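To keep things clear, I will list the structure first and then write my remarks on it.
Coordinate-derived values only; no laboratory data. Since this is a predicted model, take the numbers as computed values, not measurements. Every residue, glycine among them, receives a Cβ derived from its backbone with ideal geometry; neighbour counts consider all protein chains shown.
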DNA sequence: ATCTTCTCTCAGAGCTTTCTCAGACTGCGG
DNA sequence: CCGCAGTCTGAGAAAGCTCTGAGAGAAGAT
């Protein structure tokens, strides 16, 4: 409650017009009755929690960008959020400047006519069912693999820098001294490319990151 | 009686047209003779209680959204309500604003053409009769098992996170330190899979939750 | 009161997932 | 063509997750 007021003031100072909702149902009612540029959604909400709110928004075909605030830093929460249809994430406590940056990015991207299921070429990623298929054949992924693929799929055709993957899929901000991303891209390739022997799915962009090939 | 008048006045102030019923039978008669947008149903009713009313409505194929008001916040009541076919819940005493929000949500969703009986592949779940069959053979479930199966069946094809099951079937919000869900999924499997030796019915999605296989 | 049924906890076995590390490999600038 | 930074890969340790059987306690039936 204190946080939400602080956020409101901060955002207003930045020139945003901000409406507040205190419960999940309130949020839902407001979000569906007015055309917002973006929604900042705390997962900890009395009544319906943030996940439920987001899910329902998406079910109602509302594609307003959603930035989720979560206290816990668990893969589980992150996946739940992504499944629910959130666009981005922030783990409390966070830096206000960072939030602004992400919000700007989301608003710039605008509401995407995003179907619940993402299709890229013969690849299908279904967040709700948590199922991935290629050419109709189901591929089993671990939670982390799934989160990574989902993120790449949502940015298909864009090069996603390693650091961004670390931040969004792993919640780490220091790039140094880990090559998890590489390892997991390797896993994805092993499961999604080798058995299919097709044109590579994930392209390495040397010095930058990775890109899911569009189409 | 005082409550019901207050509600009527409040709702009217919001622009709703409100009809009142004081007994269960009255409610039933009115609900089936006129096409309401929603029904607010107190479980404590002279004559037929709210559960019975709701059940009968559903048996008559009336899918008007039902918001239940219950004084007690017991798992039992919640399960009974879900069994009876209520769409949402409110525990007394409640905030009028919250009720409005929920009502709005229900009305927005509209009367769901929800069949009283849910069929998923060769599985049939009949909430009204509280009967489960697979391939025509009846399977006996305990109340809790039934509630769990029903919830999964209503979300067939979607992964339902463990925590969501805890919240909706058990009324718990802290995931830590219990594995009831797992145990009960085990029970369901023992009763619904082993004797039938078919393709598994409930899939485990590691790190997330469970999913009832669609079709 | 006794018996049965139901719910839930607990703890251990077995398996999966995650991540690090080290060495092999690769593409690019010189 | 060489060297180097960047990338890939397999092995393996540690942590984590899921399942299961046993059993305690509560609720309900007889």
Partner chain coverage, peptide B:160-166 - average Cβ within 10 angstrom = 3
task = Mind giving me the FRET efficiency for residue B:52 and residue B:140? R0 is 22 Å, r the Cβ-Cβ distance, nearest 0.05 is fine.
result = 0.45
remark   = Distances in nm between the label point of residue B:122 (7 Å along Cα→Cβ) and its equivalents in the other copies, shortest first, are 3.2
task = Would you work out the relative contact order for the stretch A:168-215, in percent, from Cα pairs under 8 angstrom that are 6 or more residues apart?
result = 20 percent
remark   = One would report the antiparallel percent of DSSP beta bridges in the protein assembly as shown, rounded to the nearest 5, as 65 percent
ask   = Rg (Å, one decimal) plus Dmax (Å, integer) for the alpha carbons of the stretch A:11-65?
value = 11.0, 33
query = When N is the residue count of the stretch A:23-129, what does its C-alpha Rg come to as a fraction of 2.2 N^0.38 Å?
reply = 1.04
ask   = Using alpha carbons only, how many degrees (0 to 90, rounded to 10) separate the axis of helix A:50-59 from the longest principal axis of chain A?
value = 70 degrees
query = Okay, which of the stretch A:5-28 sit inside 19 Å, backbone N to the point 7 Å along the Cα-Cβ direction of residue A:96?
reply = A:5-21
note = Across A:140-148, the residue-averaged tally of Cβ atoms belonging to other chains within 10 Å stands at 2
request  = Please tell me the relative contact order of the stretch A:9-113 in percent, rounded to the nearest whole number, where contacts are Cα pairs under 8 Å and at least six residues apart.
outcome  = 25 percent
Residue exposure sequence - B:211, A:99, B:68 - by fewest surrounding Cβ within 10 Å = A:99, B:211, B:68
inquiry  = Test of understanding: ordering B:130, B:168 by Cβ neighbours within 10 Å, fewest first, what list do you get?
reply    = B:130, B:168
query = What is the Å³ per residue value for the convex hull set by the Cα atoms of chain A?
reply = 123 Å³
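Under the definition of Cα pairs under 8 Å and six or more residues apart, what whole-number percent is the relative contact order of chain A?
Taking the mean separation of contacting Cα pairs over the length of chain A, I get 14 percent.
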ask   = Hey, what angle do you get for helix A:180-192 against the long axis of chain A, alpha-carbon based, 0 to 90 degrees rounded to 10?
value = 60 degrees
message = Suppose R0 equals 22 Å. What FRET efficiency, 1/(1 + (r/R0)^6) with r the Cβ-Cβ distance, do residue A:109 and residue A:61 give to the nearest 0.05?
response = 0.80
ask   = Roughly what % of DSSP beta bridges within the stretch A:30-128 run antiparallel, to the nearest 5?
value = 25 percent
Angle in degrees between helix A:75-84 and the longest Cα principal axis of chain A, rounded to the nearest 10 = 80 degrees
remark   = Taking the label point 7 Å from Cα along the Cα-Cβ vector, the copy-to-copy distances for residue B:199, listed from shortest in nm with one decimal, are 3.1
message = Please rank A:204, A:23, A:70, fewest neighbouring Cβ atoms within 10 Å first, as an exposure proxy.
response = A:204, A:23, A:70
key: Share, in percent, of DSSP beta bridges within chain A that are antiparallel, nearest 5   = 65 percent
